[in-house]
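Each remark here refers to the structure printed beneath this line.
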Amino acid sequence: KFVCTPIPPEADPSCYSPPSVPHGPSSNGQTSGHNGSSRRGVMSDEAKATILHLRESLVRQKETILDQRETIRELTAKLTLCEGFGGHQKAPSYGKHSSFSPEQTGKTLQTLKERLENLQDSLNLNARNSSSSYSSSLRELLQRKITALEEQLDSYYRDHHDDHRLLRNLRGAGHGKLETVLSQLHHGNTDHEKGHSSGKKLKTPNAFLLNFPVKTNYMYAKMKRPPVNEIFALTICLWLKAGAGPGLGTPFSYAAPGQANELVLIEWGSNPMELLICDKAVTLPITMTDGKWHHVCITWTTRDGVWEAYQDGVKKGSGQNLSAWRPIEPGGAFILGQEQDTMGGRFDVTQSFVGELSDLQFWSRVLSASEISTQATCGGHLVGDVMSWSEESVELHGGLVQVPFDPC
């Protein structure tokens, strides 16, 4: 049965000891009173322990909240450095005190993504903790910030390719650092302006380029229509212009199920350019260090593994025994700008492409030297039967944008 004892309103229920209540002269009443006091003492100890436990839990939750608030302040400070240039409500300012740096923006985005991944790991480890809802809210906040920052970066590069007057103002303002990072933008716009001044028009509605301004592990394009049949012979041609820094990176990579290096063109660091087919590599005598556009073609056939490399319509090298008698498997992922360690993912930032590329065409046959030369000199334009260059065939990721461009 329950015993109800009135206590003063200001008293602590866990610490209040009621005065002794007489139970009459009988021994039974004394025994009952003694046992009741013992039970109340035990209940009081349990209540104290429960309250202490709750207080400790509250302190731990407060510490967690303070730590996460500090993380928010730290990330907000980083975002503040980048968000100033992205808004379009006001006219952009590019005076001498402007601190915008696309390179720094890319690094900040990478840092935010790493922090978001760490937060996700922490959230998984503490899924049963009472502060998980707060971590989830922080994760959503970071994701929104990253998305907004990528959209701002997209708008910046789109505006700078389309608005030539803005680029001239930037050059006049003496933004040396911006010019270094965006040197490929400068050359691209110069070529584009020359084309307009001479009265030239875009050759086809599919004349556009993809710009990779900095090394990242998240900026890439994916061809929507990968090979659907085994490839026994091939020719791949594209226009390339190297960016600043050593090493071109990876203009394209094709990974098939079970083989990440099914077909790769890569120039890593100070190493020469290489062609990998079925994880076998050959060195290509092609150099692209002058900051100009070049037309590059590679051919290969499974018969004896014969390969050829062309630059600007001229054969630069050839060989054989490159994965002879083994076809290239279908059903993989064809990625522009990144090297794949697994099919469709695990990109390495040190192997990413920096520069611009355009008009990638993929044939299931070996083109003749005259056909390649005609394309390199803009005497004709052939369309690949395996893959062709069009806005509808390219899927963009990580802030990559399409920019109108005619390589001829």
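Each reported figure results from applying straightforward, stated rules to the coordinates on display, with no laboratory input. In this text the structure is predicted, and so the values were computed from the model without any measurement. Every residue, glycine among them, receives a Cβ derived from its backbone with ideal geometry; neighbour counts consider all protein chains shown.
Sorting 353, 2, 405, 362 from the fewest to the most surrounding beta carbons within 10 angstrom yields 2, 405, 362, 353.
Spin-label pair residue 224-residue 368: with each label point 7 Å from Cα along the Cα-Cβ axis, the two points sit 3.5 nm from one another. Considering only alpha-carbon pairs that sit under 8 angstrom and 6 or more positions apart, the relative contact order computed for the stretch 302-408 is 21 percent.
Computed on the stretch 208-404, with alpha-carbon pairs under 8 angstrom and 6+ residues apart, the relative contact order is 35 percent.
Note on 341, 304: ascending count of other Cβ atoms within 10 Å places them as 304, 341, the fewest first. Rounded to the nearest 0.05, what FRET efficiency is calculated for residue 280 and residue 148 with R0 set to 45 Å and r the Cβ-Cβ distance? Computed FRET efficiency for residue 280 and residue 148 comes out at 0.55.
Gain on full extension, evaluated as 0.36 nm per residue between residue 312 and residue 62 minus their Cα-Cα distance, stands at 83.5 nm. Largest first and in whole Å, the equivalent-ellipsoid semi-axes of the stretch 208-404 read 22, 19, 17, each the square root of five times a Cα gyration tensor eigenvalue. Here the Karplus relation 6.51 cos²θ - 1.76 cosθ + 1.60, evaluated at θ = phi - 60°, turns the backbone of the stretch 314-320 into coupling constants of 10, 5, 9, x, 7, x, 8 Hz, with x for every Gly and Pro.
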